[in-house]
Amino acid sequence: MIKNDLFLRALKGETVDRPPVWMMRQAGRYLPEFMELKEKYDFFTRCQTPELASEITVQPIRRFGMDAAILFSDILVIPQAMNIEVEMKPNFGPYLPNPIRSAKDLDRVLIPNIEESLGYVLDAITMTKEKLEDEIPLIGFAGSPWTILCYCVEGQGSKSFDKARGFCFTQPEAAHQLLQKITDTTIAYLKAKVNAGVNAVQIFDSWGGMLSPVDYQEFSWKYIQQIVDALKDEAPVIVFGKGCWFALKEMSQSGASALGVDWTCSAQNARYLTGGNITLQGNFDPARLLSPPEVIKKMVAQMIREFGKDRYVVNLGHGILPHIPVENARAFIDAVKEYVD
């Protein structure tokens, strides 16, 4: 039994004294103790070494005492496992030297055996659960199939992912083949994570907002729905689509336990679009953590009042930025813990 189950109760829609709080990318680059490990080990070494991944996962919990931990990993371990080479270049980001650009390129894309190719993630879950000692829940995550496709086709990060969108629109059959392979792999991966001990899973559709509402249904949402359908009876599923406010109504009918909201969608609109019957998560602007701590605390209290304390998980509207002062991150977490209705 999890001792602090506030997060899991909020996902079920139960009445709580205060909402739970965690931060996307909380295990990472704004923490000095993380930077010490970054100096010694490259990115994928940190991801692929269970001792390091579990240590990085619990660092922010020791420091701030969030209501949930999220396993340190990366969405691009999925294409790596599918025989698509991924590098993480310093001061550049992800780089895929052999991007998928044609139906022929799909021949080399495999649906892997998860235990063999991603066993290091499952081992990191086991180690993290031991360190957490059932104090709080552990979240596992994956990228949405569309978001993974964006990197696989583009070959790197992008502001607009024109090559990825162009691939979908000029070679839709190949695009859907790739999306289905990613979906099948992601379902197997998330199921393995649940079996290894994670208490909830989150799907990050970081680039969903790049698509029009019509194209979103075809190239992103229907694959996310497959994942939700496959996982929802095994663990709570959170779907976070950045820039995807236009799909919130459909998302709310998906069987997901909660929906993430970015900072461009107000609490009022998010509640309206989702019908008010599903847990929402978000949506503090990550750059607002540069405000003074006293301003952050006031804004967080206001945000909770606007969303309401029930069916709500306090979070950022996207991942925490690397240059956020530690005391500002603390002000964000403390504001939630100190909240009185």
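The values are calculated or read from the model by the stated rules, or taken from the named source; none is laboratory data. Here the structure is a predicted model, which is why all the values come from computation and not from measurement. Because the Cβ atoms are built from the backbone with ideal geometry, glycine has one as well, and the counts that use them run over all protein chains shown. These accessible areas exclude ligands, DNA and RNA; they are computed on the full protein's heavy atoms, side chains included. Shrake-Rupley method; radii C 1.70, N 1.55, O 1.52, S 1.80 Å.
What to note about this one:
- For the stretch 225-240, the set of residues classified as out of contact with any Phe, Trp or Tyr (no Cβ under 8 Å at 6 or more places or on another chain) and either surrounded by 19 or more Cβ atoms within 10 Å (Cβ to Cβ) or among the aliphatic types (A, V, I, L, M) (or both) consists of Gln225, Ile227, Val228, Ala230, Leu231, Ala235, Pro236, Val237, Ile238, Val239, listed by residue number.
- Residue match in the stretch 93-105 (condition: at pLDDT 95 or above and in a helix (DSSP H, G or I)): yes
- Residue count for the stretch 270-306 under the criterion of being charged (D, E, K, R), over 21 Å from Val326 (Cα atoms) and open to solvent by 50 Å² or more (accessible area, probe 1.4 Å): the result is 2.
- Residue among Ile182, Ile187 that alone is open to solvent by 20 Å² or more (accessible area, probe 1.4 Å), under 20 Å from the mean Cα position of the chain (by Cα) and under 22 Å from Ile224 (Cα atoms): Ile187
- Of residues in the stretch 223-257 being in contact (Cβ under 8 Å) with a residue 40 or more places away in the chain and among the charged types (D, E, K, R), the one farthest from Pro137 (Cα to Cα): Lys242
- Elements of the type helices (runs of 4 or more DSSP H) sitting completely within the stretch 110-177 and holding at least 3 residues that are in contact (Cβ under 8 Å) with a residue 24 or more places away in the chain and either under 29 Å from Ala235 (Cα atoms) or within 21 Å of the chain's Cα centre (by Cα) (or both): these cover 114-117, 119-132, 145-154.
- Residues satisfying the stated conditions in the stretch 255-269, i.e. among the hydroxyl-bearing types (Ser, Thr, Tyr) and open to solvent by 40 Å² or more (accessible area, probe 1.4 Å): Thr264, Ser266
- Pairs, first without any contact (Cβ under 8 Å) to a residue 12 or more places away in the chain and within 16 Å of Val261 (Cβ to Cβ) in the stretch 293-317, second among the β-branched types (Val, Ile, Thr) and surrounded by fewer than 15 Cβ atoms within 10 Å (Cβ to Cβ), C-beta under 9 Å, six or more apart: none
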